[in-house]
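To start, the structure itself, in C-alpha cells.
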Amino acid sequence: MCASSFNISVKAGRPHPRAVNLACGDDDGGGGGGGEEEGRHSPSFGMSSIVREACGDVRVVGLTLLQWPTGGVFGWRTSLRELKDVSIAEEDGDFQRGAQGGSVAKALLSDGSFHVRAVTRNPRKRAARELARLGAEVVKADLERPESLRLALDGASAIFLVTDYWELGDKEREVTQGKAVGDLAKKVGVRHVVFSGLEDVNRLTGGRLQVSHFDGKGEVERHLRHISLPATCLRMPSYFENFIEHFRPQPEPRGGYRLGEYEIPMADIPMDGMSVEDLGPVVVTILKNRSEYIGKDIGLSAERLTIQQYAEVLSRQLKRSIRAAEVGTRLSAFALFRCISPEEYEKLPFPGAQDLANMFRFYRMRPERDLNLTRRLNPVVLGFEEWLSRNLHHFADL
C-alpha cells in the first residue's frame, strides 16, 4: 500500500530534459511489494520543440495514499525515475511497486524531455536518493503543509496529483489535501493539472452508496472545476497488481486454488482492470496534448473480464487450477459455483469491508471506462494475460 503525492514540473526550451518533482514522506514502511522494482520501461515519447514551447514549465504534484481496487484496490508503490522539469510529490516517498506516481515518474524520465523534481519530507530516504542518482532534483516539503510545496510548484506548467484515502483513513483529510494543492496550483499559475480522481459514488447514487475512497476524490474533482483550474481527471480501474497480493490465488485444503482470501463479489459482471505501470505513458500523452484533454474526465481500462475469466487466465498462465467462487448451487459452463454477494462481503471481518462492498456494488453498475481511448493514450497498454506473462515471477511460490 502506498501513500504518495507527486509534483511533476516540466520546463521546456532547454538543452537538458525537463524536471519532475516528487514529494516523499518519512515512513520507510513497505506496503505490498517491498523493495524497488525495475519492471518494464515505459515507451519513449519524443517531444518536438514546438510541443516544448507550448507546454512550457510543467510540474506534476500528486498525493498518493493507500489505494484499493479502483485507484488501485490495495495499491502498491513503484520506484520513480527522473522526469523533465516536472515535479512529483509522494507523501511517504517509498515509490515501490504499483504506485501511480512511480509509474508516471518513470514514463516522464524515460521520455527524456522532462526534468523531474522529487518533493519529499525526507530527502535522505532511499527512494529519494535513488531519484537523485537518476537525475531528479530532490526538494524537501510536506503535503500536510501545502504552503511548503510552493517552491516545488512555483513556475510549473503541470501537476500530477494523486490522493490516498487509505493512508489517512479519513476522507475529509484527503479532500482537504487535494483542495489545498489545487488552490496552490491555481495561485502560482499552473497551466495543467492531471488529477487521479474517481467518481463521487455517494452523490451519483443520491446517497444510496457511500464509497469513501471514491467519494473524496470526486469531491476534489469538483473543486478543481469550481476554481476553474485547467485539469484532466483520470479514473483508474482495478489494478492488475491486486492479483499479486489481495486477489492472489490461495491454496485450498482439497487441492487447487481460489482467488484471494475472500471471494470477489462481481458474479458474472465484467470488471475493468489495468496495470498501474501503464498509467505513466497515458499521462505523458496527456501532458503533450493538453489542449485536447483539459476539461475531460477519462475512465481508463486495459481489459474488461469477469472474475471467472480472470481465474481462467491465471490457471492457464500459472498452470494451476484456480477457481473464482465457492462450489455450490449455481451452474456455470465449468462447474457448480456460488458467488459471494456484496451483502455477504460487507460483513467480512476486516476494516473497510463495507466501503469495498459498496465499491463492488458500484462496479456492478458498470462505470464508464474507455478501452479504446486508453489504447489511444497508451498504444502499448497490456491486457491481463500479457501483463501476467511478464509478471510470473511474482507467483513462483504457488
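FYI, it's all coordinate maths here, none of it is from the lab. Just so it is clear, the structure is predicted and the values come from calculations on it, not from any experiment. Virtual Cβ from ideal backbone geometry, glycine too; neighbours counted across all protein chains shown.
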For 282-288, 269-275, ranked highest to lowest by mean beta-carbon neighbours within 10 Å, the order is 282-288, 269-275
Could you pull out every residue, at least 5 positions away or on a different chain, whose amide H is within less than 5 Å of the one on Ala231? Hs are placed 1.01 Å off N in the peptide plane, and Pro or chain starts have none. Val193, Gly295
Can you list the HN-Hα couplings for the range 100-105, worked out from phi with the Karplus curve (6.51, -1.76, 1.60; θ = phi - 60°), rounded to whole Hz and with x for Gly and Pro? 4, x, x, 4, 5, 4
Per-residue HN-Hα couplings for the range 258-263, Karplus 6.51 cos²θ - 1.76 cosθ + 1.60 at θ = phi - 60°, whole Hz, x for Gly and Pro? 10, 7, x, 5, 10, 5
By the mean-Cβ-within-10 Å protection proxy, highest first, 343-354, 295-306 rank as 295-306, 343-354
Phi angles of the range 154-165, converted by Karplus (6.51 cos²θ - 1.76 cosθ + 1.60, θ = phi - 60°) into ³J(HN,Hα) in whole Hz with x for Gly and Pro, give 4, x, 7, 8, 9, 9, 9, 10, 10, 10, 10, 4
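Taking a ≥ b ≥ c as the square roots of the Cα gyration tensor eigenvalues, with a/c under 1.5 meaning rounded and otherwise prolate when a/b beats b/c, else oblate, which class fits the range 122-194?
Because a/c hits 1.5 or more and a/b fails to exceed b/c, the range 122-194 counts as oblate.
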Long-range HN-HN contacts of Asp370 with modeled amide H, under 5 Å: Gly299, Leu300, Ser301
Unsatisfied cross-links (Cα-Cα over 32 Å) in the set Lys106/Lys187; Lys140/Lys347; Lys171/Lys319; Lys106/Lys140: Lys140/Lys347; Lys171/Lys319
Given backbone amide H placed at 1.01 Å from N, residues whose amide H is under 5 Å from that of Arg323, ignoring those fewer than 5 places away on the same chain, are Tyr257, Arg258, Leu259
